[in-house]
Amino acid sequence: MAFTLPALPYAYEALEPHIDTLTMQIHHGKHHQAYVTNLNNAIAGTPNENKSLEELVKNAGSLSPAIRNNGGGHWNHSFFWEILAPNAGGAPTGELADAINAAFGSFDEFKTKFAAGGVGRFGSGWVWLIKKDGKVEISSTPNQDNPLMDVAEVKGTPLLGVDVWEHAYYLKYQNKRPDYLAAIWNLVNWAKVAEHYSK
Ligand code: MN3
């Protein structure tokens, strides 16, 4: 069964002014669509055609680079759109807030370390908040890898992931990745992140 581009759960302009409309149009309509198309091409007519996206991603190390890169791209972006929302931001609550405070000391300290993880990713990739052994931690992956992959340096369940490829921010922020990462806090849908945490 071929994969399809999921609809954004909000309008292209909904994340303004933090993420601009044109960036969202290109990022979702062109970049994410290309990962879906290229993934479908890579699995067409092979036994991988019948596997779930999660199965492909978890076994990325033993599959072709095209499946690893485009399967990862499809999974990561589908996840990313869902943990952003207009009129979001604020701070986590409940068990998730407790886990963040236990791991990092405070929410502010977590934000500082998460941003540093995103800024420190050389080239293209992602910065993540993951759940691992009942605790939360920050990790980062190159390209379209993610913490579910067997090839990930640090494996865990993704709770929050932010795309730090230039295509995610360059039109509005140019070389200023830290400014993009600062603006992201206005868009994080903590209810969705908490849902991932409690699973
Ligand atoms: Mn992207």
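So, with +1 on the Cβ of K and R and -1 on the Cβ of D and E, and no other charges, what is the size of the charge dipole of the chain about its Cα centre, to the nearest 20 debye? Present the calculation step by step, with values, prior to reporting the outcome.
Numbers: 16 positive and 20 negative charges, 49 e Å.
Its charge dipole is roughly 240 debye.
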Of the residues Pro47, Pro178, Pro147, which exhibits the maximal mean-square fluctuation in a Gaussian network model of the chain defined by a 10 Å Cα contact cut-off? Pro47
Considering only protein heavy atoms and a probe of 1.4 Å, how much of the accessible area of the chain is carbon and sulfur, as a whole percent? 52 percent
Please give the Cα centre distance for region 67-94 versus region 167-189, rounded to the nearest Å. 14 Å
The chain, Gaussian network, Cα under 10 Å: of Asn175, Asn189, Asn143, the residue fluctuating most is Asn175
Please enumerate, by chain and number, the aspartates and glutamates with C-alpha under 20 Å from the C-alpha of Lys199, excluding those fewer than 8 residues away in the same chain. Glu54, Glu55, Glu82, Glu95, Asp98, Asp133, Glu137
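For a test of the definition: using alpha carbon positions, the gyration tensor, and the 1.5 limit on a/c, classify the chain as rounded, prolate or oblate.
Working: a/c = 1.72, a/b = 1.27, b/c = 1.35.
Oblate shape, in that a/c is at least 1.5 and b/c is the bigger or equal ratio.
Greater than 29 Å separation of Cα atoms is the criterion. Which listed pairs, Lys30/Lys113; Lys155/Lys192; Lys58/Lys172; Lys111/Lys155; Lys51/Lys113, meet it? Working shown, then result.
Numbers: Lys30/Lys113 31 Å; Lys155/Lys192 20 Å; Lys58/Lys172 34 Å; Lys111/Lys155 21 Å; Lys51/Lys113 36 Å.
Flagged as over cut-off: Lys30/Lys113; Lys58/Lys172; Lys51/Lys113.
Given a 1.4 angstrom probe, what's the average accessible area per residue across region 1-81, in square angstrom? Kindly include the intermediate steps, with their values, before the conclusion.
Details: 3770 Å² over 81 residues.
In whole numbers, region 1-81 has 47 Å² accessible per residue.
List the relative contact order of region 28-120 as a percent without decimals, with contacts defined as Cα pairs under 8 Å and 6+ residues apart. Please list the in-between numbers first.
On the way: 47 pairs, mean separation 21.1, N = 93.
Reported relative contact order: 23 percent.
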Out of the chymotrypsin sites (Phe, Trp or Tyr not before Pro) in region 113-199, which ones are loop residues according to DSSP with at most 12 other C-beta atoms within 10 Å? Phe122
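In percent, how large is the relative contact order of the chain, given Cα pairs closer than 8 Å and 6 or more residues apart? Intermediate results must be reported in sequence, preceding the final value.
Working: 303 pairs, mean separation 48.3, N = 199.
In percent, rounded to a whole number, it is 24.
The values are calculated or read from the model by the stated rules, or taken from the named source; none is laboratory data. Note that the coordinates shown come from a computational prediction; the quantities given were computed from them, not determined experimentally. All Cβ positions, even for glycine, are placed from backbone atoms using ideal geometry, and neighbour counts span all protein chains on display. Calculation scope for accessible area: heavy atoms of the full protein, side chains included, ligands and nucleic acids excluded. Shrake-Rupley method; radii C 1.70, N 1.55, O 1.52, S 1.80 Å.
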